[in-house]
Amino acid sequence: MEFILWAVFWLGLVITAGYAFALVYHWLRYGHMYPAVWVALPVYAIGVFLFIGAMLGGISTL
Amino acid sequence: MVHSKKPLLPDFKQNEQVVAIIRRHWFVLVRDILGLAVLYAIPFLIVPFVLTAIAQNPAVQIPGSAGLVLGSLWSLLLWNMLFAKWTDYYYDIWIITNQRIIDIDQKGFFHRDIATLFDLGHIQDVKTVLSGVVGNILNFGLLQVQTAAAHKEFFMSDIANPGKVEKIIRKTQHELYLQNQKNK
């Protein structure tokens, strides 16, 4: 079971890395035109760390 | 609509100023978010039934923390999709300047169209369309502009208050006309 959950974790991490790269790239590149991205960036990062932390927490209690 | 006098794009001409920045109506974003919310809820509605069915077989044991891991994974994926939708919505804009209209169309990631649609002096006809119950209640819809040159048309779809945008375009076009007359 632990193996499956680790696989799920890495799958989530890889997909998130792709999304995070694309989002942060666009936000940083065009941020001067779109001021709300400076609010979205920390909110997004907090959510990502929270969910990754929850996944790791769940696996660690096995 | 946002009014600004700062140059937004590097190719702004001298004396070119932003008159208005137009976005699609907020309902378009809410509609997308509601779709994601439904998608988010589906596993949480289905999984308890599946787990109950599996729990009847004593040979299979699923630790409680597996739910936390899978729930967090699903939340993480939807979190990414939510911000992708928001970015797509937020980055799609039409900029009306005192000389032209610029269409910035973000199509997913890494596909960004920036087009100057025409000079304001070429506008021949502007038409607005409010359609559907929601469009009429919330006052959003289509703005269609016909130019004098080569049967060119362009659309601003799902924009808030298209009537007001039409007035802004006509007023800006009139001011440009007066300025051109003065310069002659």
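All conditions in (1) at the interface with chain A (Cβ under 8 Å from one of its Cβ atoms); (2) free of Cβ contacts under 8 Å to residues at least 24 places away in the same chain hold for B:Tyr90, with the sole exception of (2). Across the stretch B:140-160, the number of residues qualifying as in contact (Cβ under 8 Å) with a residue 60 or more places away in the chain and surrounded by 16 or more Cβ atoms within 10 Å (Cβ to Cβ) comes to 5. Applying the criterion of being more than 8 Å from chain B (Cβ to nearest Cβ) and not aliphatic (A, V, I, L, M) to the residues of the stretch A:33-43, the residue that is nearest to B:Leu68 (Cα to Cα) is A:Pro42. Considering B:Asp158, B:Asp119, the condition of being on the phi > 0 side of the Ramachandran plot and touching a strand residue (DSSP E or B) at 6+ places or on another chain (Cβ under 8 Å) is satisfied by B:Asp158 alone.
Close Cβ contacts (under 6 Å, 6 or more residues apart or on different chains) running from residues in the stretch B:13-28 that are more than 14 Å from B:Gly141 (Cβ to Cβ) to residues that are part of a loop (DSSP other than H, G, I, E, B) and at pLDDT below 90 comprise B:Glu16/B:Gln99; B:Gln17/B:Lys5; B:Gln17/B:Asn98; B:Val18/B:Ser4; B:Val19/B:Asn98; B:Ala20/B:Met1. Taking the criterion of being surrounded by 11 or more Cβ atoms within 10 Å (Cβ to Cβ) and without any contact (Cβ under 8 Å) to a residue 12 or more places away in the chain, the residues of the stretch A:22-37 that qualify are A:Ala22, A:Tyr25, A:His26, A:Leu28, A:Arg29, A:Tyr30, A:Gly31, A:Met33, A:Tyr34, A:Ala36, A:Val37.
For the stretch B:84-141, residues that are among the aliphatic types (A, V, I, L, M) and in a strand (DSSP E or B) total 12.
In the set (1) in contact with a Leu (Cβ under 6 Å, 6 or more places away or on another chain); (2) more than 14 Å from chain A (Cβ to nearest Cβ), B:Tyr40 fails one condition alone, (2).
Have a look at A:Ile15, A:Ile46, A:Ile4 and point out the one that is in a helix (DSSP H, G or I), facing chain B (nearest Cβ under 7 Å) and either free of Cβ contacts under 8 Å to residues at least 12 places away in the same chain or within 16 Å of the chain's Cα centre (by Cα) (or both). The conditions single out A:Ile15. Residues that are more than 7 Å from chain B (Cβ to nearest Cβ) and aromatic (Phe, Trp, Tyr) within the stretch A:49-62 comprise just one, A:Phe49. Every condition in (1) more than 20 Å from B:Gln14 (Cα to Cα); (2) at pLDDT below 90; (3) within 15 Å of the chain's Cα centre (by Cα) is met by B:Ile159 except one, and the failing one is (2).
The values are calculated or read from the model by the stated rules, or taken from the named source; none is laboratory data. Since this is a predicted model, take the numbers as computed values, not measurements. In this analysis, Cβ positions are derived from the backbone assuming ideal geometry, glycine residues included, and neighbour counts consider all displayed protein chains.
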